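Please treat every number below as a calculation from the coordinates, not as lab data. All of these numbers come straight from a predicted model, not from anything done at the bench. All Cβ positions, glycine included, derive from the backbone under ideal geometry; neighbour counts span all protein chains shown.
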Amino acid sequence: DPLKWTLKFKCWATAVYCLMILSTTYGSSSYAASAITVEREWGLSRPLATSGTSLWVLGFAVGPLLFGPTSEVVGRRPVYLVSFALLTIANIVACVAPDIEVLLAMRFIGGCMGSSALNNVAASISDMVRVRDRLRYLTMYRIVSFGGPTLGPLVGTFLNQASWRWNLAVLPFFSFATLVLYATTVPESHRVTIARKQLEQRQKEHEKEVEKLCEEGKMTRSTGDRSNRELGGPSLMQRYKTALSMPFVLLFTEPIVGIVCIYTALLYGLLYGIIAAFPLVWQDIRGRSPEYASTVFLTLLGGFCLGAGLIGCWLQDKSYKRQYDAGEVTPESRIGPATWASFFVPVGLFVFGWTAPYDRLVGSLDIHWAVPCIALVIFAFGMQVVFNSWLSYLGDAYAPVAASAMAAATFSRSLLGAAFPLFLRQWMLVWSVQIVFSILGGLSILLSFGGLLFVRYGPRIRAR
């Protein structure tokens, strides 16, 4: 039983899971540092060259629809092993791609395969950690989920100085190393799959016993067949059909799932949109070097770590355990910090939008570079707390189908994560940085009130 694993082994398993996520989220954005190089080498348009990032993230939307339900049918381990083996192969082919068509195809396949970890690790953690103690483990999972996209362009900028192929060559080594670690050290964690295998083993033993009794004339064949059927359950195909439809059922019929998916999708799209827009703001407008611009990603990483450490691992965890021990806990207990921290997101967006474009190189008004950097820390802090709160809430509210609920959330946010890098830069060129970030900040204000509504009306909505 994974719940009975030792604390030391649970920490090790969580570390392996986090490395698996990091290998795929890092890969999602590291290509962004090489997009201009690929554009120049093959004479491409800017949107086509940058679509390598979007296609990987689009794979994050497609993959969970397969891997989430499949993990609930056949277990977590087969899904991780097969998907990461294929991820490694896709990364190798991308490194030696002879043209843009092959490169983009491998980027999409890589995103699909890597999404198995991005979607299923939260469910794997839920398999082995009880509800009371789950938040700290999930917080680490979400740090690497957001830390990977911020580290990718930072490291990739320096690797790209050698070649864009050298930049992408890191990915197959990373994914293969995590595959070996998982395959050799972490067993199956899905308790339903473990129980099903035990049942199948008992059924095989029962069939042998029935066969023996039939041969001895102590039982008829018809009675034995009926006895075997009684031990069986739904067929594999029946279980798979039910599981495959579940993410869409939850997304389109459950208001809670729908609202959570919309807000987290906007934030996730903003993250990848900001990553794609950094060259415009820091290089084209402020005139800094690519290496200088890449270091600004550390501000996002700092905000994510601050939100995870201060709120997720301390304040939120302490508050939830106190309610749990008092017997007053509900899924809405997860949302508390998000009701106020979510407003950090629009503050960060407004401040960044109205300070980042102003530099002495492009006008008389000069705003120090530290101001938009602080705004990014504020945005990342709020984003981390919102994701930590709302996705934990989603997992608790829909615990029996947690992987499918997460698949619905991953699908929706990855669609915007794939779309934003394609059009956010063009929006800023046409409308200006200030107007675009003001619009996005206004949308995030409206969605920030969702947390307040869930705290007040969440139990009533779930009851319906």
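Values as computed for the structure displayed
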quantity: Extreme residue, positive dipole direction of the chain, given options GLY336, ALA117, VAL281 (C-beta unit charges); calculated: GLY336
quantity: Principal-axis tilt of helix 46-74 within the chain, Cα atoms, nearest 10 degrees; calculated: 20 degrees
quantity: Theoretical gain in end-to-end length, ASP99 to SER289 [0.36 nm per residue, Cα-Cα removed]; calculated: 65.6 nm
quantity: Burial ranking of peptide ranges 77-86, 107-116, 289-298 (average Cβ count within 10 Å, highest at the top); calculated: 107-116, 77-86, 289-298
quantity: Flagged links, alpha-carbon separation over 31 Å, of LYS10/LYS197; LYS197/LYS241; LYS4/LYS318; LYS10/LYS321; calculated: none
quantity: Gain on full stretching of the segment that runs from ARG460 to ASP1 - 0.36 nm per residue minus C-alpha separation; calculated: 161.8 nm
quantity: For region 110-121, Karplus couplings with θ = phi - 60° (6.51, -1.76, 1.60), whole Hz, Gly/Pro x; calculated: x, x, 4, 5, x, 5, 4, 6, 4, 8, 8, 5
quantity: THR184-LEU422 FRET efficiency (beta carbon distance; Förster radius 51 Å; 0.05 resolution); calculated: 0.80
quantity: Assigned charges on the beta-carbon of Lys, Arg, Asp, Glu; the chain dipole about Cα centre (debye); calculated: 820 debye
quantity: Vicinal HN-Hα couplings computed from phi for region 144-160 (Karplus, 6.51 cos²θ - 1.76 cosθ + 1.60; Hz; Gly/Pro x); calculated: 6, 4, 9, x, x, x, 7, 6, x, x, 5, 6, x, 4, 6, 5, 5
quantity: Förster-model FRET efficiency, 25 Å R0, LEU44 and PHE158, C-beta, rounded to 0.05; calculated: 0.65
quantity: Label-point gap, in nm, between ALA370 and LYS8 - each point 7 angstrom along Cα→Cβ; calculated: 4.6 nm
quantity: In range of the label at ILE439: residues from region 36-60 whose backbone nitrogen is under 20 Å from the point 7 Å along Cα→Cβ; calculated: 47
quantity: Highest to lowest packing among 161-167, 122-128, 195-201, scored as the average C-beta count within 10 Å; calculated: 122-128, 161-167, 195-201
quantity: Neighbourhood net charge (9 Å Cβ-Cβ; Lys/Arg +1, Asp/Glu -1) for THR193; calculated: +3
quantity: Extension gain (nm, one decimal) between ARG196 and ALA326, 0.36 nm per residue minus Cα-Cα; calculated: 43.3 nm
quantity: Rounded to whole Hz, the Karplus (6.51, -1.76, 1.60) HN-Hα couplings of region 286-301, x for glycine and proline; calculated: 8, x, 8, 6, x, 5, 5, 4, 5, 5, 5, 4, 5, 5, 5, 4
quantity: Nearest 10 degrees, 0 to 90: helix 221-231 Cα axis against the chain principal axis; calculated: 30 degrees
